[in-house]
Structure formats: C-alpha cells, structure tokens
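Visitor: One structure coming up, written as structure tokens, with questions to follow.
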Amino acid sequence: PAAQRADELESLLERIVAYGMSVTDLSGDELAKSHIRYLVGGRSDVANERLYMFSFPERPAALERFLMALRPKFNISLFHYRNYGGDVAKVLAGIICAQDETHELSCFLDEVGYPFVECTNAHVFGKFLRA
C-alpha cells in the first residue's frame, strides 16, 4: 500500500499542476504535520524570531522548567503544544532573540536539556507563518 499511496500522491500532484495551480507536497514534513496545520491567525513579521520544535517530557513541571530556564530578555512569540498521550509532547516555540544574543540562547537550549530542532529556515514556516 505504501507504493500505491506514493503513486496516488504523485498522480494527484500532477493533476493539480495540470490545472495551472501550484502545489507543495508537505506529507513528509514533520513541522507541517505536527504543528503548522493547526495554527491560524495570519502571518507575522516579528524581527529576530527563531522557531524551535521541542520534545517535552510528559511529566509535572516540564513547562515550568522550560519557562524558568528561559532568559528574561527573550520573548516567546509563538507556542504550540501537542500531546499524543505518550511519554513526550511536541512543542513548537517561537523565541525572539537578537543576533548578538545567540550565544545566550544556545546556553538556554543546553540548560533546558529537551531535544529540539531549529525550524527558523523551514520552508513551511516561511510560506505559512512569515509575512
């Protein structure tokens, strides 16, 4: 069925293009599947915004630990929490950080200790959430 699904997807994308529409296949994009499709509210032009996808442990005070480790000079511009009922929750966070403060942001990311991926340059972030 996986090969059939891939063929069906390719056929669908070709038909959309044949009708003169543009299309982007996001079916393999974890950021799009876990977070972007649930976010509404328009585009942002916040300067110096960095986007991170975290895996928070599902235990008491996990969010508190994150917030307490965050430096007061940083602002959270976006926060999306997805709980799948497992041992980790998927969190998308936008953090405003001036270019000259990236070392301090790196220290925060190390200190909090949660696995993360930076998504600032992700295609779907630019296409759907940035002005």
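Visitor: For segment 63-75, which residues satisfy the criterion of being surrounded by 13 or more Cβ atoms within 10 Å (Cβ to Cβ) and either closer than 15 Å to GLU104 by Cα or more than 18 Å from the chain's Cα centre (by Cα) (or both)?
Guide: Within segment 63-75, ARG65, PHE66, ALA69, LEU70, ARG71, PHE74, ASN75 qualify.
Visitor: Restricting attention to segment 17-62, which residues are over 22 Å from PHE125 (Cβ atoms) and either hydroxyl-bearing (Ser, Thr, Tyr) or surrounded by 13 or more Cβ atoms within 10 Å (Cβ to Cβ) (or both)?
Guide: The answer is TYR19, PRO57, GLU58, ALA62.
Visitor: Next up: Can you tell me how many residues within segment 82-100 are exposed (fewer than 15 other Cβ atoms within 10 Å of the Cβ) and under 20 Å from GLU111 (Cα atoms)?
Guide: Number satisfying all stated conditions: 3.
Throughout, read-outs are computed from the coordinates displayed, never taken from laboratory work. Just so we're clear, the structure is a prediction, and the values are computed from it rather than from any experiment. All Cβ positions, even for glycine, are placed from backbone atoms using ideal geometry, and neighbour counts span all protein chains on display.
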